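**Q** Let me give you the structure first, and then I'll get to my questions.
The values are calculated or read from the model by the stated rules, or taken from the named source; none is laboratory data. None of the values given here were measured: they were computed from a predicted structure. Methodologically, a virtual Cβ is constructed for each residue, glycine included, from the backbone with ideal geometry; neighbour enumeration extends over all protein chains shown.
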Amino acid sequence: MTLWMARHAQPLIAAGVCYGATDMPADAQATLAAARALARVLPQGLLVLSSTLQRCEQLTQQLLALRPDLTCTMDARLTEMDFGVWEGQRWDAIPQAELERWTDDFAQHACGGAESVAEFMRRVAEVWDEHAERGQDAVWITHAGVIRAAHLLASGAREVRQAKQWPQEAPAFGQWCSLAIPERN
């Protein structure tokens, strides 16, 4: 079984700003280009699961317009991590002591007072497990953090205790990757 994971196009926000759960649109032209490219490579009849944030909804709607054979379910569990009061701040403006508290207790510290990595991993794992039980190929329209969490889940990791364990690689804006998921019996 294959899980395709597509990242939304470039959001309309300044570079260097923390925007995890902040809802903002993506660049419309980049979204259309990403949808066209993705539509060409996806197999017929896939289930699309999409984050409810508008930058993902845009890509989902463009993809569905190009590929009426796809079916879609919106799923808030596929939204990016919520960074609380850090949202909308430049990363370099967040006090170093706050960032260190997070990296020192990477699994449990609630970033900006909102969501911990452990909570984030649990919600992504819920969707992952449901997908594995469903046993069919699918595509997630989502965010870099969710894709990184899925890579950890694919490797068998259900938790991350240290910041250095968090994957650095993720598809660029408007790009995708795929993972093979073992079917459950």
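**Q** Going through L64, L59 one at a time, which residue ends up being under 23 Å from R134 (Cα atoms), modelled with pLDDT of 95 or more and part of a helix (DSSP H, G or I)?
**A** On the way: L59 fails: under 23 Å from R134 (Cα atoms).
Result: L64 is the single residue among L64, L59 that is under 23 Å from R134 (Cα atoms), modelled with pLDDT of 95 or more and part of a helix (DSSP H, G or I).
**Q** Tally up the residues in region 87-116 that are touching an Asp or Glu at 6+ places or on another chain (Cβ under 9 Å) and of a type in the set (S, T, Y), please.
**A** Going through region 87-116 one residue at a time, the tally reaches 1.
**Q** Suppose the filter is touching an Asp or Glu at 6+ places or on another chain (Cβ under 8 Å), of a type in the set (G, A, S) and farther than 17 Å from A163 by Cβ; does G84 pass it?
**A** So G84 passes the test.
**Q** Okay, next question. Would you mind telling me which numbered condition in (1) surrounded by 14 or more Cβ atoms within 10 Å (Cβ to Cβ); (2) on the phi < 0 side of the Ramachandran plot; (3) not aliphatic (A, V, I, L, M) Q108 fails?
**A** Q108 satisfies every listed condition except (1).
**Q** Please work out if Q136 is in contact with a Lys or Arg (Cβ under 9 Å, 6 or more places away or on another chain), of a type in the set (S, T, N, Q) and either surrounded by 14 or more Cβ atoms within 10 Å (Cβ to Cβ) or in contact (Cβ under 8 Å) with a residue 24 or more places away in the chain (or both).
**A** No.
**Q** Would you check if S155 is loosely packed, with under 15 Cβ neighbours inside 10 Å and either touching a residue at least 24 places away in the same chain (Cβ under 8 Å) or under 14 Å from the mean Cα position of the chain (by Cα) (or both)? First the steps, then the outcome.
**A** Details: loosely packed, with under 15 Cβ neighbours inside 10 Å: yes; either touching a residue at least 24 places away in the same chain (Cβ under 8 Å) or under 14 Å from the mean Cα position of the chain (by Cα) (or both): no.
The answer is no for S155.
**Q** Among the candidates R77, R7, single out the residue that is surrounded by fewer than 22 Cβ atoms within 10 Å (Cβ to Cβ), in contact with a helix residue (DSSP H, G or I) (Cβ under 8 Å, 6 or more places away or on another chain) and either of a type in the set (A, V, I, L, M, F, W, C) or closer than 19 Å to L179 by Cβ (or both).
**A** R77
**Q** Scan region 19-34 and report the pairs whose first residue is free of Cβ contacts under 8 Å to residues at least 40 places away in the same chain and whose second residue is of a type in the set (G, A, S), with Cβ atoms within less than 6 Å and a gap of 6+ or a chain change.
**A** Correct list of pairs: D27/A9.
**Q** Please state which one of D82, D92 is crowded, with 18+ Cβ neighbours inside 10 Å, among the acidic types (D, E) and closer than 21 Å to I13 by Cα. Before you say what the answer is, go through the steps one by one.
**A** Details: D92 fails: crowded, with 18+ Cβ neighbours inside 10 Å.
Residue meeting the stated conditions: D82.
**Q** In region 24-49, which residues are under 30 Å from V85 (Cβ atoms) and surrounded by 15 or more Cβ atoms within 10 Å (Cβ to Cβ)?
**A** Hits for region 24-49 are P25, A26, D27, A30, T31, L49.
**Q** Please verify whether A180 is surrounded by fewer than 14 Cβ atoms within 10 Å (Cβ to Cβ), within 19 Å of the chain's Cα centre (by Cα) and closer than 25 Å to R36 by Cα, treating the condition exactly as stated.
**A** Yes, satisfied.
**Q** Let me ask another. Scan region 53-74 residue by residue and report those that are polar (S, T, N, Q) and either in contact with a Lys or Arg (Cβ under 9 Å, 6 or more places away or on another chain) or crowded, with 18+ Cβ neighbours inside 10 Å (or both).
**A** Matches in region 53-74: Q58, T60, Q62.
**Q** In region 57-105, which residues are closer than 26 Å to L32 by Cα, in contact (Cβ under 8 Å) with a residue 40 or more places away in the chain and of a type in the set (S, T, Y)?
**A** Within region 57-105, T60, T79 qualify.
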